[in-house]
Amino acid sequence: MTIGQQLKKFRLLLGLSQADMAAGIVTASFYSKVERDQSEIVIDKLVEILNAHNISLYDFFKVFDEENLPNLNLSRKVYSYFDNRDLDKLIALKKSINDKGTLLYLKVKLIIADFKGKIDEIPKNKQEELKGICLKDDITFQKDFWNIAISTSLYSFDELNGIITYIMNNQAKFDFNNDQLLLSLMNLLIRYLDRCYKEQHFGEAKQVGSFINKLPQNTLIAFHRLIVKYYAALINGECGLANQIINLIGQNGFHHYVETLPQVEGEEI
C-alpha cells in the first residue's frame, strides 16, 4: 500500500473527484500524480487534505504497519552511508538486499558506481529511469533532496545547474529548518560544487557558496560547511588552506570522505 493508493481508496469511498479531494491545497494535476505514485506529497499537505475531508489520521495510516519499517530503516542507512561517503558499508548493504529488482537496490548500485567512477556500468535505460524517479516534476514538492543528491552524476551540468538555480531563487518555498531537508540539501550542494570544480564552473560555485552562508547555522551541517570551504579553497587556489582542511577531516575519522574528494593540485593528500 502506498500513500497514493490510500488516498485514492478514501476518495472513492467519499465519492469525490480528484479536484475535490485536492481541496485547493495542492493542484489537481499534482494530486493526480500522487495517486499514481508519480509524485510524493509532503506530510503537511497530506494532513491538510485529510483534515479537509474529516479523515482521521489513525484510519488513514493504520494500514502502514510494521511491515514497512524494514524498508524505511534501509533507506535511512543508505542516506547515512552516502552522507558519510562510506563505500565499504554501502557495498555490504548492497549484498544484504535480497530483491535485486527494487528501487532501493538500484539507488545503492548507483551510489557505489558513482563513488568508483564507473557510472557507465549502469545501462542507459536504468540511468534515465532513475533520473525520472529521483527528480519530481515540481521540485518544491520534494520532501528532501536525497534522491537528487545521489543521482547528480546522471545529469548534464546544465540540468544540474537548473535545479540548483531553482532552489536558490525559490528558497522561501522550502523549510530549511527541517533537519532532513537541510542535510540532504547540503549533500546536493556539495555534489554540485564537485561538478563545478571538476568542470571549471567557478562563477556558479561562488554563487552557491554565498547561498550556503545564508542557510541556518545548524550544527548538523557544520562538517558539510567545512567541505564547502575545502572546495572554495581549491577554486581560489589556496593550496595551504585546502591541505589544512583535508588533514583536519582525515584526523577526525572521516577518511572515507577524504577518498571521495579531489586532491589539491600538485599535492598528495
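The values are calculated or read from the model by the stated rules, or taken from the named source; none is laboratory data. These figures come from a predicted structure and were not determined experimentally. Here the Cβ positions follow ideal geometry from the backbone for every residue, glycine too, while neighbour counts run over all protein chains shown. Surface areas here come from the heavy atoms of the whole protein model, side chains and all, with no ligands, DNA or RNA. Shrake-Rupley method; radii C 1.70, N 1.55, O 1.52, S 1.80 Å.
Data table
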item: Probe 1.4 Å, protein heavy atoms only - accessible area per residue of region 135-269 in square angstrom; result: 48
item: Computed [θ] at 222 nm, helices only, for the chain once each DSSP H run of length n ≥ 4 contributes -39500 (n - 2.57); result: -19000 deg cm²/dmol
item: In Hz, Karplus ³J(HN,Hα) per residue of region 206-212 (6.51, -1.76, 1.60; θ = phi - 60°; x = Gly, Pro); result: 5, 5, 5, x, 5, 5, 4
item: Calculated from backbone phi, Karplus (6.51, -1.76, 1.60) coupling profile of region 152-168 in Hz, x at Gly/Pro; result: 4, 5, 7, 9, 5, 4, 4, 5, 5, 4, x, 5, 5, 4, 4, 4, 5
item: Separation of alpha-carbon centers, region 127-196 and region 13-68, rounded to whole Å; result: 24
item: Carbon + sulfur, % of accessible area of region 116-251 - ligands and nucleic acids excluded, 1.4 Å; result: 47
item: Efficiency of FRET between Asn213 and Gln18 - r from beta-carbon atoms, R0 51 angstrom, step 0.05; result: 0.75
item: Given Lys100/Lys143; Lys33/Lys124; Lys33/Lys62; Lys45/Lys89; Lys116/Lys173; Lys9/Lys109, the pairs whose alpha carbons are separated by over 29 Å; result: Lys45/Lys89; Lys116/Lys173; Lys9/Lys109
item: Phi to ³J(HN,Hα) by Karplus 6.51 cos²θ - 1.76 cosθ + 1.60 over region 88-101, Hz, x for Gly, Pro; result: 4, 5, 5, 5, 5, 5, 4, 5, 7, 7, 6, 8, 6, x
